Structures are given as C-alpha cells and as structure tokens.
1. Which condition does ASP129 not pass, out of (1) within 16 Å of CYS27 (Cα to Cα); (2) over 14 Å from the mean Cα position of the chain (by Cα), if it passes all the others?
2. Assuming ILE56 fulfils every condition listed in (1) part of a loop (DSSP other than H, G, I, E, B); (2) among the β-branched types (Val, Ile, Thr); (3) in contact with a Ser or Thr (Cβ under 8 Å, 6 or more places away or on another chain) apart from one, which condition is it?
3. Go over the candidates PRO42, PRO70 one by one and state the one that is in a loop (DSSP other than H, G, I, E, B) and open to solvent by 50 Å² or more (accessible area, probe 1.4 Å).
4. Restricting attention to segment 159-177, and to residues there that are among the hydrophobic types (A, V, I, L, M, F, W, C) and open to solvent by 40 Å² or more (accessible area, probe 1.4 Å), which single residue is farthest from ILE109 (Cα to Cα)?
5. When the residues of segment 45-67 are filtered to those that are among the aliphatic types (A, V, I, L, M) and touching a Gly at 6+ places or on another chain (Cβ under 7 Å), which remaining residue is most open to solvent (accessible area, probe 1.4 Å)?
6. Please indicate, with yes or no, whether at least one residue in segment 219-234 is of a type in the set (A, V, I, L, M, F, W, C), open to solvent by 30 Å² or more (accessible area, probe 1.4 Å) and touching a Pro at 6+ places or on another chain (Cβ under 6 Å).
7. Testing VAL93 on (1) without any contact (Cβ under 8 Å) to a residue 40 or more places away in the chain; (2) part of a strand (DSSP E or B); (3) under 20 Å from the mean Cα position of the chain (by Cα), one condition comes back false. Which one is that?
8. Go through segment 3-58 and give me each residue that's on the phi > 0 side of the Ramachandran plot and within 23 Å of the chain's Cα centre (by Cα).
Amino acid sequence: MNDCAKFLDQPSFSLIGNVADQLGQECYVVGGFVRDKHLGRPIKMDLDFVTVGSGIELARAVQKELKPKPKLTVFKSFGTAHMKYKGIDLEFVGARKESYRKDRRDFTINAMAICLNKDRWGELLDPFDGISDLDKKRITTPLAPDKTFDDDPLRMMRAVRFAAQLDFRIDSATLASIRTHANRISIVAPERVAVEFNKIMEVPKPSYGLGLLYTSGLLQEVLPELIALKGIEEVEGQTHKDNFYHTLEVVDNLAKASDNLWLRWAALLHDIAKP
C-alpha cells in the first residue's frame with residue numbers, strides 16, 4: 001500500500017534499517033515525519049522510530065555504527081532511547097507487535113509508519129486510514145475519543161494544535177468528546193499545556209486555534225481570564241466591540257507582522273484587565 005520509498009532519502013534510514021535487519025527486528029519511521037511528507041510540509045529535525053522488540057537495543061546498535069559516535073540517553077522505565085546526530089534528534093521506542101498495530105498514537109494522521117526493513121523498504125503501514133483523514137483535512141482519533149483523551153488529557157490540546165498548524169477541522173465526535181472531558185486538562189502539568197498553547201500561538205493565524213480552544217471548553221480551563229473578555233463592552237451608554245473577538249483580531253494582525261511569540265502573547269493579553 002502506497003510505496004513511500006521516495007520519502008526515505010536520508011542516509012540514516014538505510015543505516016537504521018540495516019541494523020534492524022541484523023537484529024531480526026521490524027523497524028519503522030513513524031508519526032510526524034510520515035504525516036508531513038505526505039502533506040509536502042517542511043520536515044522537522046526529529047525522527048521517531050518504532051521497532052517490534054527492544055528500542056533500546058536497536059538504538060545501542062545504531063549508535064555503534066555512527067561516526068562520530070553520538071551520546072545515547074536511555075530511559076529504561078519507558079523503553080526508549082534518544083540520540084542527536086548531525087543536528088537531527090533520533091528517538092527509538094520498542095513495541096509489541098499486537099500493541100503496535102492496534103493501539104498506538106493519539107490521532108490517525110500520526111499513526112502511520114514507513115517500514116525500513118530491506119524486504120519491505122518504503123511500505124506504508126496505515127492501520128487507521130490516516131491517509132484518508134489527511135485527504136479530508138480531519139483530526140480524529142484511532143480509538144474511541146473518550147478513551148484517547150482519558151488515557152492522556154493533553155491530547156485534547158494537541159488536537160487543537162494540529163488543527164491550527166495544518167488548517168484541519170476536528171471531527172465532530174472528537175470535538176464533542178473534548179467538550180465533555182475539557183475539565184480533565186487540569187490534571188496535566190501546566191508546562192506541558194503551555195508547550196501546546198505556545199505552538200497554537202505560533203501558527204500563521206492563531207485565532208483559528210484560539211477559537212477552537214474556546215468552543216471546545218479548553219480555554220475556560222487553561223486561561224479563563226481570556227473568556228472574561230467575552231461580550232459587548234458598554235462605555236457611557238454606547239456599545240462597543242466584543243473584546244474577546246477584538247483580541248483575536250489583534251493577535252492575527254500582529255502575527256502577520258511578526259513571528260515573535262512573546263509579542264503575540266502581548267497582543268493576546270493587551271486587554272486582559274478590562275473586565
């Protein structure tokens with residue numbers, strides 16, 4: 001299905017595939033790389049690899065083949081390993097075959113993988129029809145959304161972030177589930193929420209993601225002060241602009257002029273004291 005060999009143009013792919021073959025392990029490049037290659041988007045300098053077996057063992061074997069030899073960081077409790085080589089972050093994780101195929105990743109568009117083994121080089125693994133969702137510009141979950149968000153509530157913020165970054169829509173059932181579970185974002189570490197919020201603020205038109213945060217109920221949980229701007233302002237008997245939508249417009253206007261995240265935050269908070 002879908003020969004993706006043309007995407008595997010980095011030398012590290014064949015090296016990692018050869019090492020995996022020597023270990024007798026299935027190996028795939030997964031996630032954002034596969035999604036962005038299909039969309040023709042710029043590729044980030046981080047690559048995720050899943051192997052059926054030990055990700056740490058594969059990473060150590062790959063490390064031995066690289067020159068100069070990169071530093072390897074191992075997270076035994078998570079079964080993952082990470083190294084940086086020639087400016088590219090390489091992360092390795094192991095998986096059982098049944099869990100890899102049936103129960104992985106947060107959204108269908110992130111659940112695709114390309115095989116690096118010689119006999120299946122470039123073969124696309126797309127167990128949840130992520131290609132179809134890419135074509136439909138849709139964010140949806142591989143499993144029931146309630147389970148997906150219950151497993152990790154941060155995925156609700158990630159759904160909005162991907163919709164904002166890719167200019168996709170969130171599937172109606174997925175959005176309804178986010179509305180139901182929005183209050184559970186409170187159990188997520190604030191710094192993890194802030195990372196996703198900042199990525200939403202960094203897109204070309206932040207108002208789309210901010211609007212989704214509002215309609216999904218997440219904004220009320222993570223930045224309720226912004227919700228307080230909602231409604232028409234009245235000054236000396238005269239009604240004026242809705243400060244919430246005015247704020248989103250100001251952020252978009254600023255975003256056209258600057259990529260600076262902190263200037264965008266200044267725009268977002270410029271009227272925050274009015275209520």
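The values are calculated or read from the model by the stated rules, or taken from the named source; none is laboratory data. Note that the structure is a prediction, hence the values are computed from the model and not measured. Neighbour counts are summed over all protein chains in view; Cβ atoms, including those assigned to glycine, are modelled from backbone coordinates with ideal geometry. Heads up: the accessible areas ignore ligands, DNA and RNA and are worked out on the full protein's heavy atoms, side chains in. Shrake-Rupley method; radii C 1.70, N 1.55, O 1.52, S 1.80 Å.
1. (1)
2. (1)
3. PRO42
4. Across segment 159-177, the extreme among qualifying residues is ALA176.
5. Residue satisfying both the conditions and the ranking: MET45.
6. Yes, segment 219-234 contains at least one residue that is of a type in the set (A, V, I, L, M, F, W, C), open to solvent by 30 Å² or more (accessible area, probe 1.4 Å) and touching a Pro at 6+ places or on another chain (Cβ under 6 Å).
7. Going through the list (1) without any contact (Cβ under 8 Å) to a residue 40 or more places away in the chain; (2) part of a strand (DSSP E or B); (3) under 20 Å from the mean Cα position of the chain (by Cα), VAL93 breaks only (1).
8. GLY31, GLY40
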